[in-house]
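Asks: Could you have a look at this structure, given as C-alpha cells, before my questions?
The values are calculated or read from the model by the stated rules, or taken from the named source; none is laboratory data. Being a predicted model, the structure only gives us computed values, none of them experimental. Quick reminder, even Gly has a Cβ in these numbers, built from the backbone with ideal geometry, and neighbours come from all protein chains shown. In case anyone asks, the SASA skips ligands and DNA or RNA and just uses the protein heavy atoms, side chains included. Shrake-Rupley method; radii C 1.70, N 1.55, O 1.52, S 1.80 Å.
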Amino acid sequence: MNGPVNPAAGHGATGEPTGGRLVLVGNAIVDLVMRVPALPERGGDTVSQDTNLTTGGGFNVLTAARRLGLPTLYAGAHGTGPFGDRVRADLAREGIEMVLDRVAEADTGFCVAFVDDGGERTFATSLGAEARLTEADATAVLAALRPGDMVQISGYGLAYPVNGPILASLVARLPEHTRVSLDPGPLVDQIPQEVLAPVLARCDWVSCNQREGRLLTGLADPHEGAAALAARLGPRTGVLLRADAAGCWLVPPGGEPLHLPGRRVTAVDSNGAGDAHTGAFLAFLGHGLDPIAAAQGANAAAAFAVTRHGPATGPTLDELFDFLAGDPPAALLSAVLRR
C-alpha cells in the first residue's frame, strides 16, 4: 500500500504494534570482522588488531527493529553447515522467527569486513545458500505475510543473478496492504534495470546512504540527491538518504526534503550503522510514529550503534532513552511508545 503512513493505523493507545511485522526478504550471513589500522596497499599485508565472527547482513536490520519492540521475521534462505547453524542460533536468540527451511546442499555465505581506525568498513563477500532463492521460496514468503506487515528488500539480493528476478516477481505480487522498503545497498549500480525498476515502482520507502544516492541520481549533494530520487520515484514513495554524522535527509511521500541533524558521538565502528538506522526507522513507523519522528529516532539509534564494536549494535528502547538523556526526541518517543 503506497502512500503516506497513518501514524495511528493499526495501533492501540500504548503505541505497541498490533499485528504488523518487519519481514526481511534478504540475506542473513556470517561476518568475519577484522579491525586493522588501515587497509594495506595492493599486494601488501596487515595484522588484525581484533577479529570476531558474528552474524550480519540483514540480521542487523532485523535485530535493530526487534530490540525496539517490533516483531520481525526472516524470510531469506539459509544453509546447512556451521555458518547456517550460527545464523539460526543468533536469529533464535534475538527472538526472530524464520519462514523457509534450510537449503540442504549449501552453507550460508560469509563476508570479510575490514574496519579501520577511522571506523570505516570495507567488505568482501562469498555467496552461499542465501543467494539461491527459488519460486517455491517466494510462494512460501507470500503465504506467510499478514495484513500490516512491512517487507524489507535489500539491493544485495536484487544484484544476485538467481535472487534478483525472483525478488522482483515476488514484490510485484505482494498484497496491497503490505508496505515495502528498499535499501539499495552498495551494489545498486549492478542491479539489472528489469529487476530494479519494478521494485522501485512498488516501494513505499527507499533508504540509502550518500554513495548509493549518488549512484541512483548522479548527484553527490545529499539534499539534491534526496530531492531527485523522490522526484524519480513519485509522490507515493518516501525517501530517506542517510548522511552519516550529519543525520539524514527525509522526503515524506509527496513532501519536500527535510534535513534532520544527527547526534555527535565518537565513532568506533561504523559497521552496521546504516542497518541500525533502517531497522530503527521501520520499527518506529511500525509503532505508529510519523516519518519525521521515526527518522529522528533512527538517527539516534545509528549514533548509538557506531559507539559500539560490532555490526549488530542497535539499542534497545531503554538504551536509546538513556543515550538521548532527555533530548526532545526522547520525550517524543516516550510519549508515543508509553515506556
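Asks: Ignoring ligands, DNA and RNA, what accessible area per residue does the chain give at 1.4 Å, in Å²?
Replies: Computed with neighbouring chains in place, this is 41 Å² per residue.
Asks: Same structure, new question: How far, in nm, would the chain grow between residue 256 and residue 162 when pulled straight, counting 0.36 nm per residue and subtracting the alpha carbon separation?
Replies: Working it through step by step, the gained length comes to 30.1 nm.
Asks: How do 221-230, 47-56, 295-304 rank on mean C-beta neighbours within 10 Å, highest first?
Replies: Top of the packing list down: 295-304, 221-230, 47-56.
Asks: Ok, one more. Could you calculate the FRET efficiency of residue 146 with residue 120 from 1/(1 + (r/R0)^6), where r is the beta carbon distance between them and R0 is 41 Å, rounded to 0.05?
Replies: It comes out at approximately 0.55.
Asks: Let me ask you something else. Which value in nm describes the separation of the simple spin-label points at residue 104 and residue 177, placed 7 Å from the Cα toward the beta carbon?
Replies: 3.6 nm
Asks: Between residue 136 and residue 94, what is the label-point separation in nm under the 7 Å Cα-to-beta-carbon projection?
Replies: Roughly 2.7 nm, to one decimal.
Asks: Report for the chain the percent antiparallel among DSSP-assigned beta bridges with both residues inside it, nearest 5.
Replies: Rounded to the nearest five, the antiparallel share is 45 percent.
Asks: Between residue 45 and residue 231, what's the calculated FRET efficiency when r is the beta-carbon distance and R0 is 45 Å? Round to 0.05.
Replies: The computed FRET efficiency comes out at 0.45.
Asks: Order 309-318, 186-195 from most to least packed using the mean count of other Cβ atoms within 10 Å.
Replies: Top of the packing list down: 309-318, 186-195.
Asks: Measure off, as a whole percent, the carbon and sulfur share of the 1.4 Å-probe accessible area of the range 103-194, all protein chains present.
Replies: That share works out to 59 percent.
Asks: Can you give the % of DSSP beta bridges in the range 207-339 that are antiparallel, to the nearest 5?
Replies: Looking only at bridges with both residues in the range 207-339, the antiparallel portion is about 70 percent.
Asks: Which of 46, 104, 138 sits farthest toward the positive end of the charge dipole of the chain, with +1 on the Cβ of Lys and Arg and -1 on the Cβ of Asp and Glu?
Replies: 138
Asks: Looking at the range 136-251, send over the antiparallel percent of its DSSP beta bridges, to the nearest 5.
Replies: 25 percent
Asks: Let me ask something else. Under a point-charge model restricted to the Cβ atoms of Lys and Arg (+1) and Asp and Glu (-1), what is the dipole moment magnitude of the chain relative to its Cα centre, in debye to the nearest 20?
Replies: With Lys and Arg at +1 and Asp and Glu at -1, about 600 debye.
Asks: Once Cα extents along the principal axes in Å is worked out from the coordinates, which option in (1) 133, 61, 30; (2) 92, 50, 39; (3) 52, 46, 40 does it equal?
Replies: Identified label for the calculated read-out: (3).
Asks: Keeping every protein chain in place, order 207, 270 by accessible area at 1.4 Å, biggest value first, i.e. largest first.
Replies: Descending accessible area places them as 270, 207.
Asks: Spin-label point model (7 Å from Cα, Cβ direction): what's the residue 38 to residue 318 distance in nm?
Replies: Taking the simple label geometry, residue 38 and residue 318 are separated by 4.3 nm.
Asks: Could you please state, rounded to a whole Å, how far the C-alpha centre of the range 207-228 is from the C-alpha centre of the range 93-129?
Replies: First find each Cα centre; the distance between them is then 26 Å.
Asks: On the accessible surface of the range 36-101, probed at 1.4 Å, how many percent belong to carbon and sulfur atoms?
Replies: Using a 1.4 Å probe with all protein chains present, the range 36-101 comes out at 49 percent carbon and sulfur.
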